[in-house]
Amino acid sequence: MMHDYNFEEYLRKTLSNSISSQNPSETAKNKARKLSPSYYQDLKEKLLIEYDKKSLKDVMDCKISKTSFGDVLKITKKERIDFNIEDNDFMHQMNCNLKLLPKIGLKTEQNLKSKGYDTIESLTNHDKYGDLASEFLGNLDGMSFCEIIDLLDDNRYSKKCRDNVIKSISLTDEENFKFMDIETKGLSNVPIILIGVAEIKGSNIVASQYFLRDYTEEASIIDAYLSHLDEDSIHVTFNGKTFDVPFIKNRCRYNRIDADLDLPHLDLMYFAKNLWGEKLPNCQLQTIEKELFGINRVGDVPGQYIPGYYDAYLEENNIGPVVPIIEHNAQDIISLASFLDKMYRDVN
């Protein structure tokens, strides 16, 4: 009977989470409201009222910055962060990974190690693999961080070496990470309306956001973002390999901006699926925030409503509709730093 009772209780709770049930829960009601276009229309109207006659400088840390294409509005946010990439002697770990050599797989590696060839360096004396090992070690000394990531990414033993890509970040300075996210007017061939980049500065993370006050400023906000990049920079994004970086490249071409965006790139979406996919309902950024970091966002605006909210900002000359978009973007790039820090600790 207890078993039957528990099943009935489980069924009751499950059904209550459906909006179509006789007695839907408050969670189900809130979820249904947030799936309704009318909810976001009402939210937009409330924002227009709340921020009437206000400027972004009234509610955020803003200043005007100059670029070679003109002035741009820069929004800055600084938070304390515990971001600590402790040394893991990764070069030694690579030396012990015989599978990095061509023609060596799992079984061959096990066989070689059983005979005392524990490192690639020790293989330089091997009759068959000696030349490959010597060539690899000679190339490794001169490899850039980008080339090391490519080497690990291209290895066919992908799961193990995907963890190694995260382990490899100990080889670079944490100041080189550029946690980046963009907001746009649509999915392709439309302006970028906001670029955010966060950087580790000592014990703080500093988010810099460049907001498109009107359509004439797109080249300026792109140029302002590019000013954060140098030859040692590493893009850190969530789905940025597929969307953000190609989108910026396209808008650079449109605005005739000469930019090299072919930098080392850690797209954390793929690593999240690899590390946490079996533990979470899904690997969306906000699900990871909630399940692993206890972050519950309030007043967020889904991507499909951002173009309409931006139009309302321009038409009404009212910052209200873009405030949650800017806050959403800032949270995204700051969260990426926490993700990377946890991933590093998990794989080590």
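Within a Cβ distance under 10 Å of Ala330, other residues only, what is the Lys/Arg minus Asp/Glu net charge?
-3
Where does the charge balance sit around Asn125 when Lys and Arg score +1, Asp and Glu -1, over other residues with C-beta under 12 Å from its C-beta?
Combined, the nearby Lys, Arg, Asp and Glu give -1.
So if each residue of separation counts as 0.36 nm, and I subtract the Cα-Cα distance between Ile49 and Gln110, what length gain in nm does that give?
Result for the pair: 15.2 nm of gain on full extension.
In degrees between 0 and 90, to the nearest 10, how far off the longest principal axis of the chain does helix 37-50 point, with axes built from Cα atoms?
The angle comes out at about 70 degrees.
Assuming a strict under-13 Å limit between Cα atoms, what lysine pair count do you get for segment 90-171 once near-sequence pairs (fewer than 8 apart, same chain) are dropped?
The result is 7.
Would you please give the residues with an amide H less than 5 Å from that of Leu266, counting only those at least 5 places away or on a separate chain, with H modeled from the backbone geometry?
Close amide H contacts, sequence-distant or interchain: His235, Val236, Thr237.
For the residue pair Asp346 and Arg256, what label-to-label distance in nm results when each label sits 7 Å from Cα along the Cα-to-beta-carbon direction?
So the two model labels end up 4.6 nm from each other.
Using θ = phi - 60° and the Karplus form 6.51 cos²θ - 1.76 cosθ + 1.60, what ³J(HN,Hα) does each residue of segment 73-82 get, whole Hz, x for Gly and Pro?
Per-residue couplings from phi come out as 8, 10, 10, 10, 9, 10, 9, 5, 8, 9 Hz.
In whole Hz, what ³J(HN,Hα) sequence does segment 305-310 give by Karplus (6.51, -1.76, 1.60; θ = phi - 60°), x for Gly and Pro?
Whole-Hz 3J(HN,Hα) from phi for segment 305-310: 9, 4, x, x, 5, 5.
If one takes the longest principal axis of the Cα atoms in the chain, at what angle in degrees, from 0 to 90 and to the nearest 10, does the Cα axis of helix 244-254 lie?
70
Compute the length gained on full extension between Glu175 and Glu86: take 0.36 nm times their separation in residues and subtract their Cα-Cα distance, giving the result in nm to one decimal.
Result: 30.6 nm gained on full extension.
Ordered by residue, what ³J(HN,Hα) values in Hz, to whole numbers, does segment 271-282 give under the Karplus form 6.51 cos²θ - 1.76 cosθ + 1.60, where θ = phi - 60° and Gly and Pro are x?
5, 4, 4, 5, 8, 10, x, 7, 9, 10, x, 7
Pulled fully out, how much extra length does the chain show between Asp42 and Asn155, if you take 0.36 nm times their separation in residues and subtract their Cα-Cα distance?
35.6 nm
With the cut-off at 22 Å, report for segment 90-171 the share of all Cα pairs above it, as a whole percent.
Tail of P(r) above 22 Å: 19 percent of Cα pairs.
If we count every other residue with Cβ under 15 angstrom of Arg80's Cβ, Lys/Arg +1 and Asp/Glu -1, where does the sum land?
Overall, the nearby charge balance is -2.
Calculate how steeply helix 158-167 sits against the longest principal axis of the alpha-carbon atoms of the chain, using the helix alpha-carbon long axis, and give the answer as 0 to 90 degrees to the nearest 10.
80
Is there a pair in Lys63/Lys273; Lys53/Lys178; Lys46/Lys77; Lys46/Lys273 whose C-alpha atoms are over 27 Å apart, and which pairs would that be?
Check vs 27 Å cut-off fails for Lys63/Lys273; Lys53/Lys178; Lys46/Lys273.
Stick to Cα atoms and the Kirkwood definition of Rh, then tell me Rg/Rh for the chain.
Computed over Cα atoms, the ratio is 1.06.
222 nm [θ] for the chain, helices only, -39500 (n - 2.57) per DSSP H run of 4+, per residue, to 500?
-14000 deg cm²/dmol
How many nm is it between the label spots at Ile64 and Ser188, if each spot is 7 Å from the Cα in line with the beta carbon?
3.8
Over the chain, what is the relative contact order in percent, taking alpha-carbon pairs closer than 8 angstrom and at least six residues apart?
It rounds to 20 percent for the chain.
Values quoted throughout were computed directly from the atomic coordinates according to the rules given, and no laboratory measurement underlies them. Bear in mind the structure is a predicted one, so any value in this text is a computation, not a measurement. Neighbour counts run over all protein chains shown; Cβ positions are idealised from the backbone, glycine included.
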